[in-house]
Every structure is written in C-alpha cells, then in structure tokens.
Amino acid sequence: MGMAIDRDDTQFHVLAVDDSLIDRKLIERLLKTSSFQVTAVDSGSKALEFLGLNNNDADDDEEDEQRDSNTESVSSDEDQDHQDLGLGVNLIITDYCMPGMTGYDLLKKIKKSSSFKDIPVVIMSSENIPSRISRCLEDGAEEFLLKPVQLSDVNKLRPHLVKGRSKDIDSSHKTTSTRLITSGN
Amino acid sequence: MERNPMRRQLASMRKSLFDQGYLDEQFMELEQLLDDANPNFVEEVVTLYYRDSARLILNLDRALERRPLDFSKLDGLMHQFKGSSSSIGAKKVKAESTLFREYCKSGNAEGCMRTFQQLKKEYATLRKKLETYFQLARQIGPMESANRPK
C-alpha cells in the first residue's frame, strides 16, 4: 500500500490530541507552518488507537464513552496505515482537559507502553495550575504549554523531537523542563 | 502605504478592533499563520468559532433554565467557551467568560445569568464586526490582510 508521506528523515510527525475543533485546527496549522507532519485526533482513545495501542493493553479505569461521536475523529493528509504511522510518531502534543481520558491519563498510558514510552509528550492547557504542571512534568511530560499555543512555543519543540527520534535514547539524558510559556493575559 | 481606499478602510477596521479591545494579540498570532497556501486561515478559524459558540450558547441557555442550577456543568461549558474565545483572541468575550466562571465557583446564580447576557451581547457585537471585516477583506481580493507583518 503506497504511503502518501514523503519519508524524508528531516520531517517529523506529530500526533496532536485535542477535543476542541478550533484548537485542533490551530495546532495543526502551527505545526504545519513549522514543517511538521501532523495527525490530529479528538480524544486520547483515538490517539491510542492511532498508535496501534489497544485501550485494554494500557491501564484500566477509563471511561471513554463520553466521546462526541459527531466530531471528526482523525484529520490527516496521509494514508491510515496505523502500524507504520504509529511507529513514525516523533512527538505527541495533547490538551490536558478532555472528556473521558485526560491528557494526563494519556501521558501515563504512553509512558507505560514499551513501544511508545520514549516518544516525547507535551501537554497543553488553558489553565495555569502549578500542581497540575509539576505532576505532568514529574510523570514524564517534556513540556507544559499554556494555551493559546503560539508559533514561538512550537519552535521550542524541535529539540525534543530530535531526541525522540533517536533509537538510542539514553534515559538519563531526559530533561525535565520546568519552563512555562505564559501567554499574555 | 495603503493607497487603495478599501485597504485603508480594512486596516482602519482592523486597528479599531484592537484599540477598542474586541481582539487581543492572539488574533495577530492567527494572522501570522496566513500564507499563499492558506490565505483564508483566519476566517476559517473564526467561522469554526461561530459554529462552536452557537452550540455552547444554546447549551448554556438550556443549562441556565434548570432549577437548581448545576454550577459544575455551567462551569464546564464556559471553560470550553473561554478556551475557544481565547484561541481566536476574542478579548471581551473571554473576559465575560472568566467572570461567569468566577460566579459559578461562588455559586452566584444571579451573577451567572447577568454575565451570560452580557457575554451574548459581546459575542454578537464581535461577530458582526468580524463578519463586516472579512466581507471587506474578501472584496479586496485574495491578498493578505492589510497589516500582515512581513
């Protein structure tokens, strides 16, 4: 099955997760403007599905029945070959507040997965709650971005992507970033 | 630089949207994302915002009719509205939604209802102004908006 993506080694593939249609469109545009390849989904469950991770493989205690079935689930230019694309995801950027599985829940599941635990995960939130932020960073998120996410925030993601791409990641090199990007309020 | 009178008008409209506090710098962030391949990006996002807002306003209206008020549900809905308003730079609408959420947290029904009426007014005004703005922009042609930084 022919893949529509140009397998250029310098192009990174980002999986974006956000239940807000507007924010999804925005993050997609931000990422594409920065020359990232993007797949945008509207829930944590769809993200796991895209990666090829069965919900049941991960931890229990999910309630993903509240998904709005009317929203478009996946928007991607590329062919839906989940296995290939799942392994080709270089970074996951997810909203924190989502119905059912939160971005934090998704983070935990990714980090528990042997196949995907080394994929860098970035969390976005409209709320500046220090305890929330530290918890995410402590539990493996690379960055925590305050919404609305801007082009300058997206430009900061590239170093994490380069790190995430390498198959020989030395986990002791992982930096826990406590830098916050505050948008003017 | 705006020799074309329509462009001058567009630029002036845009400036007043910022000066009068209807829009904040996030709108400019959206404009930064315009390019030849996506010349209508801002208008597309704003159109999504109208659609999303209509849904939220309807749900909020319904929720505000219930007795007793479910403040948690109201707060949840307004959290979404605040988020999308913030994402497009809708400054006044965002301010009202913040105020509404504060009333939810303190369980102030009267405050919620009053603020919601105000929010709807602000939203309607913004929508009207933006529709006029984009209408003019479209008339001018598939060029970038008057003050796109380059």
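The values are calculated or read from the model by the stated rules, or taken from the named source; none is laboratory data. These numbers come from a predicted model, not from an experiment. Heads up, the Cβs are rebuilt from the backbone with ideal geometry, glycines too, and the neighbour counts pull from every protein chain shown.
Descriptive notes on the structure:
- Output for the stretch B:60-88, where each listed residue is in contact with a Phe, Trp or Tyr (Cβ under 9 Å, 6 or more places away or on another chain) and within 14 Å of chain A (Cβ to nearest Cβ): B:Asp75, B:Met78, B:Phe81, B:Lys82, B:Ser84, B:Ser85, B:Ser87, B:Ile88
- Selection of the stretch B:12-27 for residues being of a type outside the set (S, T, N, Q), more than 9 Å from chain A (Cβ to nearest Cβ), over 15 Å from B:Val93 (Cβ atoms) and surrounded by fewer than 16 Cβ atoms within 10 Å (Cβ to Cβ) yields B:Lys15, B:Asp19.
- Flag if B:Asp35 is facing chain A (nearest Cβ under 10 Å) and more than 23 Å from A:Met98 (Cβ to Cβ): yes
- A:His160 fulfils the conditions (1) within 14 Å of chain B (Cβ to nearest Cβ); (2) at pLDDT below 90 except for a single criterion, (1).
- Close contacts from the stretch A:17-31, counting a first residue that is at the interface with chain B (Cβ under 9 Å from one of its Cβ atoms) and part of a helix (DSSP H, G or I) and a second that is surrounded by fewer than 22 Cβ atoms within 10 Å (Cβ to Cβ) and among the hydroxyl-bearing types (Ser, Thr, Tyr), with Cβ to Cβ under 7 Å and a gap of 6+ residues or different chains, come to A:Leu21/A:Thr71.
- If only residues of the stretch B:44-88 that are out of contact with any Leu (no Cβ under 8 Å at 6 or more places or on another chain) and of a type in the set (Val, Ile, Thr) are counted, the one that is surrounded by the fewest Cβ atoms within 10 Å (Cβ to Cβ) is B:Thr47.
- Candidates B:Lys105, B:Lys91: the one that is within 14 Å of chain A (Cβ to nearest Cβ), surrounded by fewer than 16 Cβ atoms within 10 Å (Cβ to Cβ) and farther than 16 Å from B:Leu58 by Cβ is B:Lys105.
- Counting only helices (runs of 4 or more DSSP H) that sit completely within the stretch B:45-150, those holding 1 or more residues that are without any contact (Cβ under 8 Å) to a residue 60 or more places away in the chain and touching a Gly at 6+ places or on another chain (Cβ under 6 Å) correspond to B:71-88, B:91-105.
- The stretch A:141-153 residues that are farther than 19 Å from A:Asp19 by Cα and more than 7 Å from every other protein chain (Cβ to nearest Cβ), paired with ones that are part of a loop (DSSP other than H, G, I, E, B) and modelled with pLDDT under 95 (beta carbon under 6 Å, 6 or more apart): A:Glu143/A:Ser177
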